[in-house]
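Peer 1: The following block contains the structure, expressed as structure tokens.
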Amino acid sequence: MIKLEDSWKQALQTEFDAPYMARLKSFLAAEREAGTIIYPRASQWFAALDATPLDQVRVVILGQDPYHGEGQAHGLCFSVQKGVRPPPSLLNIYKEMHSDLGLSPPHHGDLTSWTTQGVLLLNAVLTVEQGKAAAHQGQGWEQFTDAIIKRVNDQPHPVVFILWGSYAQKKAAFVEKGKHLVLKSVHPSPLSAHNGFFGSKPFSKANAFLEAKGRGQVNWSLAES
């Protein structure tokens with residue numbers, strides 16, 4: 001029995017019943033049986049969906065894989081739990097947030113407060129093996145998260161899709177640009193951030209669109225508490 005926020009559980013029931021999901025479940029069970037350490041813990045695999053009901057989604061930020069270091073991943077893309085040092089990509093997101101909105105970077109990496117305002121922090125792959133980036137790619141998660149993006153795309157209200165890097169842009173290429181706002185830039189990774197991420201102003205652009213569509217603005221500031 002899948003424990004999941006009701007709106008998502010209803011919207012994704014056909015996915016949970018599909019053969020690929022049974023194969024994914026078997027793969028994850030076998031990995032755990034073999035003693036493989038998987039991040040995040042099972043109760044947090046669907047944390048992004050649990051935090052942001054389907055009809056409340058205003059912004060989608062799309063990541064690729066969970067962090068694979070101990071204590072980092074907790075089911076929200078780019079986010080780490082409080083007490084864990086913010087990774088380099090997240091620090092660059094904070095730099096752009098400061099440049100764009102004048103907001104002081106917090107001393108933590110927990111983006112949970114965004115999710116409670118309708119920001120879906122979705123990774124394309126929802127699990128990873130400890131110390132092995134991309135270890136769970138190609139096992140079925142991508143098909144499942146494609147379905148999530150399609151459900152958001154099909155919502156009657158406009159949504160902002162923030163797509164950092166070519167992977168995210170290819171994955172969400174089908175999003176209806178006439179209805180939704182699609183913001184693209186290079187990834188905030190230190191390897192690419194200076195090639196167009198800095199100065200892209202995704203936060204103010206997202207808020208301007210949401211405000212114009214009568215959906216209100218996101219408070220992007222992150223409390224220190």
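Peer 1: If you go through the range 68-84 one residue at a time, do you hit one that is of a type in the set (Val, Ile, Thr), in contact with a helix residue (DSSP H, G or I) (Cβ under 6 Å, 6 or more places away or on another chain) and either closer than 22 Å to residue 209 by Cβ or open to solvent by 30 Å² or more (accessible area, probe 1.4 Å) (or both)? If you could, list the steps in order and put the result at the bottom.
Peer 2: At the first step, the residues of the range 68-84 found to be of a type in the set (Val, Ile, Thr) are 80, 84.
If we keep only those that are in contact with a helix residue (DSSP H, G or I) (Cβ under 6 Å, 6 or more places away or on another chain) as well, we get none.
For the range 68-84, residues of a type in the set (Val, Ile, Thr), in contact with a helix residue (DSSP H, G or I) (Cβ under 6 Å, 6 or more places away or on another chain) and either closer than 22 Å to residue 209 by Cβ or open to solvent by 30 Å² or more (accessible area, probe 1.4 Å) (or both): absent.
Peer 1: Another one. Is it true that some residue in the range 181-193 is part of a helix (DSSP H, G or I), of a type in the set (D, E, K, R), in contact with a helix residue (DSSP H, G or I) (Cβ under 9 Å, 6 or more places away or on another chain) and more than 25 Å from residue 107 (Cα to Cα)?
Peer 2: Quick first cut of the range 181-193, residues part of a helix (DSSP H, G or I) only: 193.
In the following step, the residues that additionally are of a type in the set (D, E, K, R) were identified as none.
No, every residue in the range 181-193 fails to be part of a helix (DSSP H, G or I), of a type in the set (D, E, K, R), in contact with a helix residue (DSSP H, G or I) (Cβ under 9 Å, 6 or more places away or on another chain) and more than 25 Å from residue 107 (Cα to Cα).
Peer 1: Still on this model: Would you pick out the residues in the range 171-184 that are farther than 27 Å from residue 17 by Cβ and out of contact with any strand residue (DSSP E or B) (no Cβ under 7 Å at 6 or more places or on another chain)? Don't jump to the end; show me each part of the working.
Peer 2: The initial filter retains those residues of the range 171-184 that are farther than 27 Å from residue 17 by Cβ, namely 177-184.
Residues satisfying the conditions are 177, 178, 179.
Peer 1: Turning to a different aspect of this structure: If only one of 150, 170 is open to solvent by 10 Å² or more (accessible area, probe 1.4 Å), at pLDDT 95 or above and within 22 Å of residue 56 (Cα to Cα), which one is it? Give the steps one after another, and end with the answer.
Peer 2: On the way: 170 fails: within 22 Å of residue 56 (Cα to Cα).
Every option except 150 fails the conditions.
Peer 1: Right, another one. Looking only at the range 27-34, decide whether some residue is over 17 Å from residue 138 (Cα atoms), hydrophobic (A, V, I, L, M, F, W, C) and more than 18 Å from the chain's Cα centre (by Cα).
Peer 2: Filtering the range 27-34 down to residues over 17 Å from residue 138 (Cα atoms) leaves 32-34.
Narrowing further to those that are hydrophobic (A, V, I, L, M, F, W, C): 34.
Right, trim to more than 18 Å from the chain's Cα centre (by Cα) and you get 34.
Yes, that holds for at least one residue.
Peer 1: Give the range 104-133 a look and list any residue that's modelled with pLDDT of 95 or more, more than 30 Å from residue 216 (Cα to Cα) and part of a loop (DSSP other than H, G, I, E, B), or say none.
Peer 2: Result: 127, 130, 131.
Peer 1: Within the range 86-95, is even one residue free of Cβ contacts under 8 Å to residues at least 60 places away in the same chain, over 21 Å from residue 41 (Cα atoms), out of contact with any strand residue (DSSP E or B) (no Cβ under 6 Å at 6 or more places or on another chain) and open to solvent by less than 50 Å² (accessible area, probe 1.4 Å)? Walk me through how you get there before you give the answer.
Peer 2: The initial filter retains those residues of the range 86-95 that are free of Cβ contacts under 8 Å to residues at least 60 places away in the same chain, namely 86-87, 91, 94.
From what's left, over 21 Å from residue 41 (Cα atoms): 91, 94.
Among the residues that remain, those that are also out of contact with any strand residue (DSSP E or B) (no Cβ under 6 Å at 6 or more places or on another chain) are: 91, 94.
Checking which are open to solvent by less than 50 Å² (accessible area, probe 1.4 Å) leaves us with 94.
Yes, because at least one residue in the range 86-95 is free of Cβ contacts under 8 Å to residues at least 60 places away in the same chain, over 21 Å from residue 41 (Cα atoms), out of contact with any strand residue (DSSP E or B) (no Cβ under 6 Å at 6 or more places or on another chain) and open to solvent by less than 50 Å² (accessible area, probe 1.4 Å).
Peer 1: Continuing with the same structure: Out of 11, 29, 48, report the one residue that is in contact with a Leu (Cβ under 6 Å, 6 or more places away or on another chain), closer than 25 Å to residue 67 by Cβ and modelled with pLDDT of 95 or more.
Peer 2: Numbers: 11 fails: closer than 25 Å to residue 67 by Cβ; 29 fails: in contact with a Leu (Cβ under 6 Å, 6 or more places away or on another chain).
Result of the check over 11, 29, 48: 48.
Peer 1: When the range 153-180 is examined, which residues are found to be of a type in the set (Phe, Trp, Tyr) and either touching a Pro at 6+ places or on another chain (Cβ under 7 Å) or free of Cβ contacts under 8 Å to residues at least 24 places away in the same chain (or both)?
Peer 2: Kept after step one, since they are of a type in the set (Phe, Trp, Tyr), are these residues of the range 153-180: 161, 164, 167, 174.
Listed by number, the list holds a single entry, 164.
Peer 1: Out of 41, 23, 32, I need the residue that is open to solvent by 80 Å² or more (accessible area, probe 1.4 Å) and touching a residue at least 60 places away in the same chain (Cβ under 8 Å). Which one? Before you say what the answer is, go through the steps one by one.
Peer 2: Working: 41 fails: touching a residue at least 60 places away in the same chain (Cβ under 8 Å); 32 fails: touching a residue at least 60 places away in the same chain (Cβ under 8 Å).
The unique qualifying residue is 23.
Peer 1: I'd like the full set of residues that are surrounded by fewer than 19 Cβ atoms within 10 Å (Cβ to Cβ) and not in a helix (DSSP H, G or I), limited to the range 51-63.
Peer 2: The one that is surrounded by fewer than 19 Cβ atoms within 10 Å (Cβ to Cβ) and not in a helix (DSSP H, G or I): 53.
Peer 1: So, one more: Considering only the range 96-119, state which residues are crowded, with 18+ Cβ neighbours inside 10 Å, among the hydrophobic types (A, V, I, L, M, F, W, C) and over 15 Å from residue 66 (Cβ atoms).
Peer 2: The answer is 97, 114, 119.
Peer 1: Under 29 Å from residue 19 (Cα atoms) and without any contact (Cβ under 8 Å) to a residue 40 or more places away in the chain: does that describe residue 145?
Peer 2: On the way: under 29 Å from residue 19 (Cα atoms): yes; without any contact (Cβ under 8 Å) to a residue 40 or more places away in the chain: yes.
Yes; evaluated as a whole, the condition is true for this residue.
The values are calculated or read from the model by the stated rules, or taken from the named source; none is laboratory data. Keep in mind that what you see is a predicted model, and the values were worked out from it rather than measured. No Cβ is skipped: glycine too gets one built from the backbone with ideal geometry, and neighbour counts run over all protein chains shown. For accessibility, only protein heavy atoms count, side chains too; no ligands or nucleic acids. Shrake-Rupley method; radii C 1.70, N 1.55, O 1.52, S 1.80 Å.
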